[in-house]
Amino acid sequence: MTDHPAPKSKEDPPCAGSQPPQTELRLERVRRPGPELLALLAAYDEEAFGVVGLRACDLAVMAEAGAVFVAWQGEEVAGACQLLRMLDEPEFLYLVGFYLRPGWRGRGVGRRFLELVSQESRRLGAQGLLLTVAPDNARALALYRRFGFAEERFVPDFYGPGEDRYLLRWRFEEGVDGQCMIEDPGRR
Ligand SMILES: CC(C)(COP(=O)(O)OP(=O)(O)OC[C@H]1O[C@@H](n2cnc3c(N)ncnc32)[C@H](O)[C@@H]1OP(=O)(O)O)[C@@H](O)C(=O)NCCC(=O)NCCS
């Protein structure tokens, strides 16, 4: 997820309700994002991940060489993510960033979003997904566990000093709710 920590200082805004949204989440692959969309997505990435968020130039490269997806809930951007194909294991895709905007969190949208990403990944011929997640990102870990992601490695200082990450892998053949090997967050 990605691979970035959950924001430490931003809380879900008061507009975030506990009710599931009324409209269906829709995934759009953005092939040639213009400067305005790139700036918007970079701002949302920073909102979600702070200094390790992707910049407009990173997103432009990913749209060209990988895939950038925007998750629409009605007319609103509910979240976004990016996929890259693993150079050494092309049958696996790497989910670089995966986030919901603050108002859409905690409402079950993440589960639907990940379902759509996995469907898209299968359409792209992938056998599974890899991602990294901060050890203290309990909500993301819970979501990934539910889908069958399992710990591949614990990588100290993955993003730099003190920025440890789990590398997780979900083999689609092992299915949703597959065997989970991830320990409870905070135990390492
Ligand atoms: C991570 C994220 C995509 C999850 O989506 P979401 O819709 O908010 O997820 P949910 O609220 O449905 O929670 C997912 C699961 O975590 C559980 N959960 C929620 N808060 C939790 C917490 N503090 N501790 C443990 N589990 C928690 C929920 O109960 C749910 O489990 P369940 O499906 O078994 O009931 C979203 O919160 C987000 O964008 N966060 C900020 C960016 C981020 O951290 N991205 C992931 C980077 S790897």
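Those residues that are aromatic (Phe, Trp, Tyr) and either part of a helix (DSSP H, G or I) or on the phi > 0 side of the Ramachandran plot (or both), I need them from the stretch 145-165; list them, please.
Of everything in the stretch 145-165, just one residue is aromatic (Phe, Trp, Tyr) and either part of a helix (DSSP H, G or I) or on the phi > 0 side of the Ramachandran plot (or both), namely 147.
State the number of residues belonging to the stretch 113-144 that are near the ligand (Cβ under 10 Å from one of its atoms), touching a Lys or Arg at 6+ places or on another chain (Cβ under 7 Å) and part of a strand (DSSP E or B).
2
Looking at (1) modelled with pLDDT under 95; (2) on the phi < 0 side of the Ramachandran plot, which is the only condition residue 89 fails?
(1)
Could you tell me whether any residue of the stretch 50-67 is surrounded by fewer than 20 Cβ atoms within 10 Å (Cβ to Cβ) and in a loop (DSSP other than H, G, I, E, B)?
Within the stretch 50-67, one or more residues are surrounded by fewer than 20 Cβ atoms within 10 Å (Cβ to Cβ) and in a loop (DSSP other than H, G, I, E, B).
In the stretch 40-67, what residues are hydrophobic (A, V, I, L, M, F, W, C) and under 15 Å from residue 101 (Cα atoms)?
Residues satisfying the conditions are 40, 41, 42, 43, 48, 49, 54.
Kindly indicate which of 110, 103, 79 is in contact with a Pro (Cβ under 8 Å, 6 or more places away or on another chain) and within 12 Å of the ligand (Cβ to nearest atom). Walk me through it before giving the result.
Values: 110 fails: in contact with a Pro (Cβ under 8 Å, 6 or more places away or on another chain); 79 fails: in contact with a Pro (Cβ under 8 Å, 6 or more places away or on another chain).
The match here is 103.
Looking at the stretch 82-100, which of its residues are aliphatic (A, V, I, L, M) and more than 7 Å from the ligand (Cβ to nearest atom)?
Residues satisfying the conditions are 83, 84, 86, 87, 93, 95, 96.
The values are calculated or read from the model by the stated rules, or taken from the named source; none is laboratory data. Note that this is a predicted model, so its numbers are computed, not measured. Because the Cβ atoms are built from the backbone with ideal geometry, glycine has one as well, and the counts that use them run over all protein chains shown.
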